[in-house]
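Participant: The structure is given below, and queries will be raised subsequently.
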Amino acid sequence: MDITRIATDTRRSRAVVYNNMVFVGGQTADDRSQDIQGQTNQTLAKIERFLAEAGTDKSRLLTAQIWIKNLERDFAGMNEVWDAWTAPNAAPTRATAQCDLGASDILVEIIVTAAVA
């Protein structure tokens, strides 16, 4: 089976398609001046673009990992955006954790895996 790498540089691929699955690496917001809801919206929009490029969409999500800088402060706000974004009756498995992220102004990072149609 072929491996398709999407948006690859020397460090990483933004997404990898293999065996009818797409693995979207950790995505963050481009405009990090936004609050948790703004950053979550931007991050999910990027994920949707990579899913589309891989030939699938959010209705085929299998699992998600969500990393939040400040869980106590931002969990509810992130969930508002997440809940509105997920496809009806197609919520993936999900884990959410607090962690130090790659830069001080990143509030959320999301990783997903989806089936490719």
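Participant: Just name the residue that is most open to solvent (accessible area, probe 1.4 Å) out of those in the stretch 77-105 that are free of Cβ contacts under 8 Å to residues at least 12 places away in the same chain and out of contact with any strand residue (DSSP E or B) (no Cβ under 9 Å at 6 or more places or on another chain).
Facilitator: Asn89
Participant: While we're here: Given the options Asp74, Asp35, name the one that is open to solvent by 20 Å² or more (accessible area, probe 1.4 Å) and more than 13 Å from the chain's Cα centre (by Cα).
Facilitator: Values: Asp74 fails: open to solvent by 20 Å² or more (accessible area, probe 1.4 Å).
After ruling out the rest, the residue left standing is Asp35.
Participant: Here is a check on your reading of the model: is Thr56 at pLDDT 95 or above, β-branched (Val, Ile, Thr), surrounded by fewer than 18 Cβ atoms within 10 Å (Cβ to Cβ) and not in a helix (DSSP H, G or I)? Don't jump to the end; show me each part of the working.
Facilitator: Values: at pLDDT 95 or above: yes; β-branched (Val, Ile, Thr): yes; surrounded by fewer than 18 Cβ atoms within 10 Å (Cβ to Cβ): no; not in a helix (DSSP H, G or I): yes.
Taking the combined requirement at face value, the residue does not satisfy it.
Participant: Would you mention how many residues in the stretch 1-32 are in contact with a strand residue (DSSP E or B) (Cβ under 7 Å, 6 or more places away or on another chain), open to solvent by 80 Å² or more (accessible area, probe 1.4 Å) and either β-branched (Val, Ile, Thr) or closer than 26 Å to Ala84 by Cα (or both)? Give the derivation first.
Facilitator: Kept after step one, since they are in contact with a strand residue (DSSP E or B) (Cβ under 7 Å, 6 or more places away or on another chain), are these residues of the stretch 1-32: 1, 3-7, 12-17, 20-28.
The next check asks that each one be open to solvent by 80 Å² or more (accessible area, probe 1.4 Å); those that pass are 1, 3, 5, 12, 20, 23.
From what is left, the residues that are either β-branched (Val, Ile, Thr) or closer than 26 Å to Ala84 by Cα (or both) are 3, 23.
Looking only at that region, the number is 2.
Participant: Right, another one. Return yes or no: is Thr43 part of a helix (DSSP H, G or I) and either at pLDDT 95 or above or of a type in the set (A, V, I, L, M, F, W, C) (or both)? Walk me through how you get there before you give the answer.
Facilitator: Numbers: part of a helix (DSSP H, G or I): yes; either at pLDDT 95 or above or of a type in the set (A, V, I, L, M, F, W, C) (or both): yes.
Here the answer is yes, as Thr43 does meet what is asked.
The values are calculated or read from the model by the stated rules, or taken from the named source; none is laboratory data. It should be emphasised that the depicted structure is a prediction, and the values quoted were computed from it without experimental measurement. Every residue, glycine among them, receives a Cβ derived from its backbone with ideal geometry; neighbour counts consider all protein chains shown. With ligands, DNA and RNA removed, areas are computed over all heavy atoms of the protein, side chains included. Shrake-Rupley method; radii C 1.70, N 1.55, O 1.52, S 1.80 Å.
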